[in-house]
Structures are given as C-alpha cells and as structure tokens.
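Read the structure below first, then the notes.
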Amino acid sequence: MKRIIGLALPLMIVLSAVSCSVGSPNAPFNQEASLSESTIISSEKGEEINRESDPSYGGEETSTLNGEESSSIEIEVDGTKYRNGFLPGLSLTYDEGNTQLVQSEALGECYLVKQGNKQFLVCNSNDGKTSAENVYCKSSDWKSYRSFYSSAENYDITVSKITNGKEKITDIKDVNLIKLIDLISFCDRNRYDDFSSTVPKAAYAVAYKLADSPKYRISINSKDGLVLGKSSDLMIISEKISLIYHIIMSENKALIIDIPSDLNKYFMNVLKNET
C-alpha cells in the first residue's frame, strides 16, 4: 500500500496507518536503528534570490529549489548523517512495507524508508510542517537528490480539463517549477476541511453548474515515482483563475478563492496554451 507524506494530506492519520505495519518481521527493510542518541549537528541557510512580491502570498512556505531561500538541518542517527531541505514543497510517497519505525526523544516518531536504491528518514511529520523539513536523506546523497528534485526535467507534469464529467489529460512542458510548487502550496493551504466550520475570508460564492463549468487540475510526478503533488480543482471566471474551495450542488453555487495575481497571469497562459 502506498503512503504519502506532504502538505495536502492529514499527516497524523497517514502516519498512524503506516505504524500499524512497520517493524513487521516480514518487512523487507529491517535494519536495527535507534534515534535515542540523535543530535542536531548543523543548520545551514541557502542563498536568497529576488522574487515577485504579492500580498496574497502572506505566510507561505518557501520552496526549496536551487537558488531559493532554504534551511537545511543535519542530524546523526547511529553514526549516519542525514540532512533535510533537498525536496521542494511536494509529497513523498512510499510503500509501507519498506519502512521501519524508530523512536527519538528529540524528534519523535521517525520512519526509515527504502524505495529502490534510495533511502529517506521521515521525522516529525504529524506536526503540519512541510515535506522539505520532515524528509531527510543521507548527507552523502544530499547534493544529487537536491539536484534531481529541483529540475523540472525530472518530472512529468499534466493538466486535466474536466467538462461535464469527461476528463481530458494533456502533458505540459517548460513549466516554471517554482511557480507550480507555489500554486500547489497555495492550494494546500486553502483546501476544504470537513472537520472545520471556518470558511477562509478570501472565499466567495459564484454561480456554478457542473455541465457549464470546466474544471482544471495540474499534477506533477517525479520520474522516479517517489515525489508528487497536485493543485486543487481550478476554474476560470473573467480571466481569473480561482481554486474551487467547495461546491454547493443544491444551490448551483461554488465557494472559490482567487489565486495570487502573478500565479494567475502565468497559469492563465499555461491553461490557454495547453488545453
């Protein structure tokens, strides 16, 4: 069974499901490990770059792509050094049979994850932080992993157009990876929550009929099959892209939230050209 760690999911629920089966005597990855002696060795900060500012971005997490401002923490686990900050703001997916649960007073529950020839350490993933902070790799692999996951060439990116229940999927090329991750992060922060009665202040109602209102969804998957992400369902009204927060079918209405202006300008061209 696949498990996903990332912004778009309720992380506490995901990891609780994983812990039911990790540590099984039949698990293919069964090395002994303990984080009881784990210590943080170093903290490094990457270079800053100039980027467009938009008040709509308030409070967003920073992408961890090459050239972006980022933080990286290195820890030591049983003599092996691990470092985070190599992933952009996407989600790590893995098979639960390839994990081993380990405990740490300093970091809480962590999981050693082995997928093919890659190994990760997932820590503190039930506190709502981003994947970039929660997912570590061996320090010796950090540069190669960061280079791989920071390049748009190593992802398959598609846009789905759903009209009256029928879906058309198109591969898209030459997408600005930073802007795509910013769009996904914005959607993740504004997804509908079944357990919350609070509606975001930015949400407003518009007329919505399923047959007359196409929806769009942009998805990204790394070519090694381990990292993924997708936007919320999006719609276009009067040259504006908005995420669909919630559909009220009984009233033929939808609650929507406009995406930030610079993302709107960029992805309006993407959707027009590719769909």
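Just one of (1) over 30 Å from E76 (Cα atoms); (2) in contact with a Gly (Cβ under 9 Å, 6 or more places away or on another chain) trips up W142, so point out which. Going through the list (1) over 30 Å from E76 (Cα atoms); (2) in contact with a Gly (Cβ under 9 Å, 6 or more places away or on another chain), W142 breaks only (1).
The residues listed here are D233, D224, D193, D188; of these, the one that is closer than 30 Å to E96 by Cα and free of Cβ contacts under 8 Å to residues at least 40 places away in the same chain is D193.
Scanning segment 180-190 for residues that are of a type outside the set (D, E) and crowded, with 19+ Cβ neighbours inside 10 Å yields L180, I181, L183, I184, S185, F186, C187. If we scan segment 220-243, do we find a residue that is β-branched (V, I, T) and over 22 Å from the mean Cα position of the chain (by Cα)? Yes - at least one qualifying residue is present in segment 220-243.
In segment 245-264, how many are assigned to a helix (DSSP H, G or I) and at pLDDT 95 or above? Adding up the residues that qualify gives 4. Scanning segment 131-159 for residues that are surrounded by fewer than 17 Cβ atoms within 10 Å (Cβ to Cβ), touching a helix residue (DSSP H, G or I) at 6+ places or on another chain (Cβ under 8 Å) and not in a helix (DSSP H, G or I) yields one hit, S151.
When I162 is tested against (1) modelled with pLDDT of 95 or more; (2) out of contact with any helix residue (DSSP H, G or I) (no Cβ under 9 Å at 6 or more places or on another chain); (3) crowded, with 16+ Cβ neighbours inside 10 Å, exactly one condition is not met: (1).
Looking only at residues that are aliphatic (A, V, I, L, M) and part of a loop (DSSP other than H, G, I, E, B) in segment 191-244, which one is surrounded by the fewest Cβ atoms within 10 Å (Cβ to Cβ)? Ranking the candidates gives A211 first.
The values are calculated or read from the model by the stated rules, or taken from the named source; none is laboratory data. Keep in mind that what you see is a predicted model, and the values were worked out from it rather than measured. Neighbour counts run over all protein chains shown; Cβ positions are idealised from the backbone, glycine included.
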